[in-house]
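Q: Can you keep this structure in mind? I'll have questions shortly.
The values are calculated or read from the model by the stated rules, or taken from the named source; none is laboratory data. Keep in mind that what you see is a predicted model, and the values were worked out from it rather than measured. Cβ sites come from the backbone with ideal geometry, for glycine too, and all protein chains shown count toward neighbours. Only protein heavy atoms, including side chains, enter the accessible area calculation; ligands, DNA and RNA are left aside. Shrake-Rupley method; radii C 1.70, N 1.55, O 1.52, S 1.80 Å.
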Amino acid sequence: MHIGVLGPVIMRTAAGVVRPASQTVRALLGQLVLAAPEAVSADHLTITVWGGRGPRHLKSTLYLTVHKLRKWLTESAATAEVHSTDSGYRLDLGSGTSDIQRFRDLMRKAETVRSEEAFDLLHEALSLWRGEPLADVCADRVDGALVRRLRGERGSALRRLAQAALSVERYGEAMEAARFLCQEDPLDEDAHALLMEALVNSDRRSTALLEFDAVRRRLAADLGISPGTRLLSVHAWALSSGKGASEGPLAWARAVPRQLPPRSTVLVGRATEFERLRSHFNRWADSGRHPAVAVICGPAGAGKTELGVQWAQTNVDRFPDGQLYIDLKGFSNGAPLTADQALCTLLAALGVPRGGIPEGVDAKAGLYRTLLADRRALVVLDDAANADQVRPLLPGLGSSFTLITSRRRLDRLKALEEVYSMSLGRLPEEDALNLLSLLVENACETSHGHDLRTIADACGHNPLALRTAAAKLSRGVRLMDDATRRASPDHMHDLNSLFFTADENTRLGEAIGRSYFSLPEEARLFFDLLARSAYHDINASAAADLAGLGADHAHRLLETLADLHLVESPGGGRYHLDDLTRSFSRHLSRSLTGDAVSAVGWASGAHSAPLG
């Protein structure tokens, strides 16, 4: 048994095709099929089927109509049954199906496959439509909002079919689907862009240019606006294209980037964070109601990129339309990438030729979002500098997922967009020991008798610091004299300072230094002051007294440091400085000369004037 409502209301059974003779029964059946398997309240049915008018005793009339529908289903040997609920009625299709149910199943399946198979699935889904929903029921007996939603679903299917048809070079089908969309909404710029692409690829460039001119005039007359980014881009491509369109939008749609860097050889710990990221992504993928943007933030050397890339590599099969990766160089040597530079790189990765990239950040961002709108792709934005840099790089609505790593907390991005955020801190003690042991290929002590636990603690359980220490140990470097270690109460700082010496293992110092030197001068001096104080944990009031500032001023400076994870902010208004960053500041003061030494000395209390 199969019930059809995407057109006139019909039912196919082994005996053939039948339909209720009564329009009221057809209207009732149609409403129940559209809502199945959910129940529809009696009040809603009476308002919809009778339009708020009709017999005075609508409740008894509804009972009678339900009885007629049940009798018709039984006489037609249907497997469907109408069940009463506490508030209304529900249709159980039993072993049967409905065209709306089949349509939605095919649409969902098309989201998970490549263009070739998606085209076939979408074509099959749209073939189920025989006309307007409930076409043989008077408009005033149909739920108008529900019908509008169904038309929207059909429009989405047609748009996806046109894009898939272009991808597999089925230009006739693409043209047919796009023309239908244009007739439905003559001001739909995306539909006209799809139609123009199909026309040019069918060697009908002049017709495509006439199409653009017509829609341009219509937009100006009806809305007083000019064509948008996508339509302008397709027009420019059409003007420059001769026969064949290998350099045009078709090529853009076919490009499937695979840009993820290789996995790190060692990723120890972070199992909890990995699971949190996995769980959030699964919730988003299953429901679409959770943020499609995830941020991994944390201090220099915490392993943000390693975690992000490991997770991305593990989930490549969930993104069949490509994986984009870009290093935004937020805290690298040299200037960070601008949003404009990043968009040029991303558009090139999506197959857009240099001549097809529009001018201006907004136009580039619009084209970028357009190309990703119908894709299920992953975008990894590594080492972001700030919210302003990454906002234009977010794909927008669609099925793509964005993963961002940054030393900053990106609070402004969270205020403007729906974002899932996690912060990486120091590794748990056992994970830090396991990583160090694995790196030096010894589970207990090195050949020099170093206690790995002491070294791990000196590294602040920071993965990059642990790798730096392991590299020194593996080369036979004696990190610390045993007698000094036993005698010096400040041996932790002595050991830490070795991470910032001028040899080939300066990555840690450079990494922390890039965070430090990105601070405003006042915040740098404030940090130096805290690093040289006796405090390991401090609140705004104590920091204000230390620096000779107002409490609000000190709190803003502490938040500036916490934003870059130069201090930890565990909550309760308290801030923590770990030994590693304190050691960096001490090493820095020894490496500075002249005016810089005077400034650091002033910040550490050598000058009698307050910091403010």
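Q: Cα-based Rg of segment 3-84 per 2.2 N^0.38 Å, rounded to two decimals?
A: Numbers: Rg = 12.5 Å, N = 82, 2.2 N^0.38 = 11.7 Å.
Here the Cα radius of gyration is 1.07 times the empirical estimate.
Q: I would also like to ask the following. How compact is segment 351-395 by the rule of thumb for globular proteins, expressed as Cα Rg over 2.2 N^0.38 Å? Intermediate results must be reported in sequence, preceding the final value.
A: Numbers: Rg = 11.4 Å, N = 45, 2.2 N^0.38 = 9.3 Å.
Ratio of Cα Rg to 2.2 N^0.38 Å: 1.22.
Q: Taking the Cα centre of each part, how many Å lie between segment 548-562 and segment 1-70?
A: Going from one Cα centre to the other spans 67 Å.
Q: Pop the C-beta distance of ALA214 and ARG114 into the FRET formula with R0 = 35 Å and round what comes out to the nearest 0.05.
A: That pair, ALA214 with ARG114, gives E of 0.55.
Q: Keeping all protein chains in position, work out how much accessible area THR581 exposes to a 1.4 Å probe, and write it in Å² to the nearest 10.
A: 10
Q: Obtain the nm distance between the two label points defined at GLU559 and ARG104 by a simple spin-label model: each point lies 7 Å from its Cα along the Cα-to-C-beta direction.
A: Modelled inter-label distance: 4.5 nm.
Q: Sticking with this structure for a sec: Can you pull the one-decimal nm distance between simple spin-label points at ARG574 and ALA221, each 7 Å off the Cα toward Cβ?
A: 7.2
Q: Let me ask something additional. Looking at segment 31-105, which GluC sites (Glu not before Pro) are DSSP coil and have at most 11 other C-beta atoms within 10 Å of their C-beta?
A: In loop regions of segment 31-105 (DSSP not H, G, I, E or B), the sparsely surrounded GluC sites (Glu not before Pro) are GLU38.
Q: Set the Förster distance to 30 Å, then compute FRET efficiency between ARG278 and ASP388 from the Cβ-Cβ distance, nearest 0.05. Show your work: numbers first, answer last.
A: Details: r = 29 Å, r/R0 = 0.98.
Efficiency, from the Cβ-Cβ distance: 0.55.
Q: Tell me, what is the FRET efficiency for GLU521 and MET422 to the nearest 0.05, using R0 = 51 angstrom and their Cβ-Cβ distance as r?
A: About 0.95, to the nearest 0.05.
Q: Tell me, in nm to one decimal, what length is gained between ILE47 and ARG70 on full extension, where the rule is 0.36 nm per residue of separation less the Cα-Cα distance?
A: Residue separation times 0.36 nm, minus the Cα-Cα distance, leaves 6.2 nm.
Q: In Å and on Cα atoms, what radius of gyration and Dmax does segment 357-448 show?
A: 19.6, 61
Q: So what's the net charge close to TYR89: Lys and Arg +1, Asp and Glu -1, counting the other residues with Cβ under 15 Å from its Cβ?
A: Result for the neighbourhood of TYR89: -1.
Q: Same structure, new question: Answer rounded, prolate or oblate for segment 277-403, using the Cα gyration tensor with square roots of eigenvalues a ≥ b ≥ c: rounded when a/c is under 1.5, else prolate when a/b is larger than b/c, else oblate.
A: Oblate shape, in that a/c is at least 1.5 and b/c is the bigger or equal ratio.
Q: Follow-up question, since we're still on this one. What Kirkwood hydrodynamic radius, in Å, does segment 297-345 give when the mean of 1/r is taken over all pairs of distinct Cα atoms and then inverted?
A: 12.8
Q: What length, rounded to one decimal in nm, is gained on full extension from SER87 through to VAL17, with 0.36 nm per residue of separation minus their alpha-carbon distance? Don't jump to the answer; show the numbers that get you there.
A: Numbers: separation 70, 0.36 × 70 = 25.20 nm, distance 3.18 nm.
Full extension from SER87 to VAL17 adds 22.0 nm.
Q: So how much slack lies between ASP411 and ASP545, counting 0.36 nm per residue of separation and subtracting their Cα-Cα distance, in nm? The partial results should precede the final answer.
A: Numbers: separation 134, 0.36 × 134 = 48.24 nm, distance 2.74 nm.
Full-extension gain reported as 45.5 nm.
Q: For segment 155-223, just say rounded, prolate or oblate: build the C-alpha gyration tensor, square-root its eigenvalues into a ≥ b ≥ c, call rounded for a/c under 1.5, and beyond that prolate if a/b exceeds b/c, oblate if not.
A: It is oblate, given that a/c is not under 1.5 and a/b is not larger than b/c.
Q: Sticking with this structure for a sec: Treating only the Cβ of Lys, Arg, Asp and Glu as charged (+1, +1, -1, -1), what charge dipole size does segment 277-411 show about its Cα centre? Round to the nearest 20 debye.
A: Computed charge dipole of segment 277-411: roughly 260 debye.
Q: Please tell me which of these pairs span more than 28 angstrom C-alpha to C-alpha: LYS414/LYS472; LYS71/LYS109; LYS109/LYS364; LYS329/LYS364?
A: Violating the 28 Å limit, Cα to Cα: LYS414/LYS472; LYS71/LYS109; LYS109/LYS364.
Q: Rounded to two decimals, what is the ratio between the C-alpha radius of gyration of segment 270-313 and 2.2 N^0.38 Å? All intermediate terms of the calculation are to be shown ahead of the outcome.
A: Working: Rg = 11.1 Å, N = 44, 2.2 N^0.38 = 9.3 Å.
Dividing the Cα radius of gyration by 2.2 N^0.38 Å gives 1.20.
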